[in-house]
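Comments concern the structure below.
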Amino acid sequence: MLPELWIIDLCRALRTQKATMDAFSSKDMAMKAQKKILSSMATKSSVQMFIDDTSSEILDELYRVSKEYTGNKSEAQKVVKDLVKIAVKIGVLFRNNRFSNEELRVAQDFKKKLHTGAMTAISFYEVDFTFDKTVMSEILADCRDLLLKLVNTHLTPKSHGRINHVFNHYGDPQLLTKLYDPNSNFRPNLTRICKGLNKLVEDGTI
């Protein structure tokens with residue numbers, strides 16, 4: 001069902017992991033966001049978060065990339081926290097049937113664009129010298145705009161700001177260029193990200 005896909009696609013709660021040196025845990029952060037939202041918007045029986053290893057691994061790699069790129073642990077954590085908060089809020093809206101038929105069509109358009117983005121990211125990784133920062137940035141911008149359209153009347157301007165923060169951050173052409181540089185320190189991160197995306201695509205998740 002579409003509501004379940006949203007949670008799978010964007011966060012699906014996060015895998016238990018050993019504490020890192022900087023004590024950042026995407027799972028712990030996701031569960032805190034879940035509890036906060038559930039306390040004000042829904043009951044625990046109406047929204048069930050599932051733990052998905054692959055989604056967790058991708059989010060953790062995105063965090064590591066952001067931390068290394070910005071040189072700012074707090075900023076990296078904030079980006080991933082914003083992503084998870086938005087994902088959980090949208091999941092709650094879906095579970096409570098808050099979206100109109102027209103908005104559900106927007107959600108489907110977003111899912112298709114997300115799939116395109118995943119396939120493009122994998123292709124750029126697997127085929128040398130094909131990476132195009134403009135193409136990748138435009139896909140992420142399209143995802144951002146569709147998501148903003150979906151939640152326009154449902155979430156606050158603060159949440160809209162979180163969406164912009166996430167997609168503008170990962171859609172930064174300079175970040176993408178460094179990420180896809182075969183000789184950069186990000187290559188192992190990109191390998192694990194694309195491995196995870198490929199699994200989600202093969203499973204039909206995205």
TODO: Quick one: accessible surface of E126, probe radius 1.4 Å, all protein chains present, in square angstrom to the nearest 10.
DONE: 120
- [ ] Would you mind working out the magnitude of the charge dipole of the range 48-203 relative to its Cα centre, with +1 at each Lys and Arg C-beta and -1 at each Asp and Glu C-beta, to the nearest 20 Debye?
- [x] 640
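Using a 1.4 Å probe, what is the accessible area per residue for the range 48-203, in Å²?
51
Just the number, please: carbon plus sulfur as a percent of the accessible area of the range 73-177, 1.4 Å probe, no ligands or DNA/RNA counted.
Of all accessible area on the range 73-177, carbon and sulfur atoms account for 50 percent.
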Task: Over the range 48-203, relative contact order from alpha-carbon pairs under 8 Å, at least 6 apart, % - done: 34
Task: Which of V151, F124, V65, positive extreme of dipole for the range 48-203 (C-beta unit charges) - done: V151
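The values are calculated or read from the model by the stated rules, or taken from the named source; none is laboratory data. Computed from a predicted structure; not experimentally measured. When we count neighbours, we look across all protein chains shown, and the Cβ atoms used for this are built from the backbone with ideal geometry, even at glycine. Calculation scope for accessible area: heavy atoms of the full protein, side chains included, ligands and nucleic acids excluded. Shrake-Rupley method; radii C 1.70, N 1.55, O 1.52, S 1.80 Å.
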